[in-house]
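S.K.: Encoded as structure tokens, here's the structure I'll be asking about.
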Amino acid sequence: MDANTVAQAYLKHLQEGNMAQVVALFSEKGLVVSPIYGTRPAAEFYSLLAKDTQASELHFNGLFEEKDTGRVALLFDYHWTLKHGKKVTFTVVDILELDQDSKITKLSIIYDTVVSRELVKSL
């Protein structure tokens, strides 16, 4: 799989709430760096996200690939409904770093957490 295919699969599975398929895109030691949940193994991060999420809707805005590095950035709007029903929308940049087997070794999530941080604290 090339970086573009991995990125599109990641967005598809995330939108569907299929966290097992999202985690399957990661290497065994794959990490997620999140502004709210911190740095965690992928399986742990997506378990926490699923626990806190009632629904997600993603609107894809672009994909930016850095040739010959295994890095790709995704730009999308994330409409997040938390377990308690409160909603927050923000624009996200996810930077995926892929190994030679096209597995995600690190995913760095970048977005403004002013509203979402308080909503997650209230769960």
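Derivation of every value follows stated rules applied to the coordinates shown; laboratory data play no part. All figures in this text were calculated on a predicted structure; none of them were measured in a lab. Here the Cβ positions follow ideal geometry from the backbone for every residue, glycine too, while neighbour counts run over all protein chains shown.
S.K.: Charges on Cβ only, +1 for Lys and Arg, -1 for Asp and Glu, centred on the Cα centroid of the chain; of 19, 64, 84, which one is farthest towards the dipole's positive end?
M.R.: 84
S.K.: Right, here's the next one. Which length gain, in nm to one decimal place, applies between residue 83 and residue 52 when the Cα-Cα distance is subtracted from 0.36 nm times their residue separation?
M.R.: Working: separation 31, 0.36 × 31 = 11.16 nm, distance 0.53 nm.
That works out to 10.6 nm of additional length.
S.K.: Then there is this: Measure nothing fancy, just the Cα-based angle from helix 3-16's long axis to the longest principal axis of the chain, in degrees from 0 to 90, nearest 10.
M.R.: Long axis of 3-16 versus the principal axis of the chain: about 20 degrees.
S.K.: Which trypsin sites (Lys or Arg not before Pro) in region 22-78 sit in a loop by DSSP (not H, G, I, E or B) and have at most 13 other Cβ atoms within 10 Å of their own Cβ?
M.R.: Listed in order of number, the matching sites are 67.
S.K.: Oh, and also: Using θ = phi - 60° and the Karplus relation 6.51 cos²θ - 1.76 cosθ + 1.60, list the HN-Hα couplings for region 45-56 in order, rounded to whole Hz, with x at every Gly or Pro.
M.R.: 4, 6, 5, 5, 4, 4, 4, 8, 10, 8, 7, 9
S.K.: In addition: Once the Cα gyration tensor of the chain is diagonalised, what are the square roots of 5 times its eigenvalues, in whole Å and ordered largest first, as equivalent ellipsoid semi-axes?
M.R.: 24, 15, 13
S.K.: Let me ask something additional. Does region 16-81 classify as rounded, prolate or oblate by the C-alpha gyration tensor (a ≥ b ≥ c root eigenvalues; a/c under 1.5 gives rounded; else a/b over b/c gives prolate, otherwise oblate)?
M.R.: Judged from the Cα gyration tensor, region 16-81 comes out oblate (a/c at least 1.5, b/c at or above a/b).
S.K.: Quick one: length gained pulling residue 91 to residue 67 fully straight, 0.36 nm per residue minus the C-alpha distance?
M.R.: Length difference between fully extended and current span is 6.2 nm.
S.K.: Using the Cα centre of the chain as the reference point, and only Cβ charges (+1 on K/R, -1 on D/E), how large is the resulting charge dipole? Debye, rounded to the nearest 20. Numbers along the way, then the final one.
M.R.: Numbers: 13 positive and 16 negative charges, 109 e Å.
Its charge dipole is roughly 520 debye.
S.K.: Return the whole-Å distance between the Cα centroid of region 17-33 and the Cα centroid of region 59-90.
M.R.: Spelled out, the Cα-based centre of one part sits 15 Å from the other.
S.K.: Can you tell me how much longer the chain between residue 24 and residue 5 gets when fully stretched, taken as 0.36 nm per residue apart minus their C-alpha distance, in nm with one decimal?
M.R.: 5.5 nm
S.K.: For residue 51, go through the lysines and keep the ones whose alpha-carbon is under 30 Å away, minus same-chain ones fewer than eight residues off.
M.R.: By straight Cα distance, residue 51 reaches 12, 29, 83, 86, 87, 103, 106, 121.
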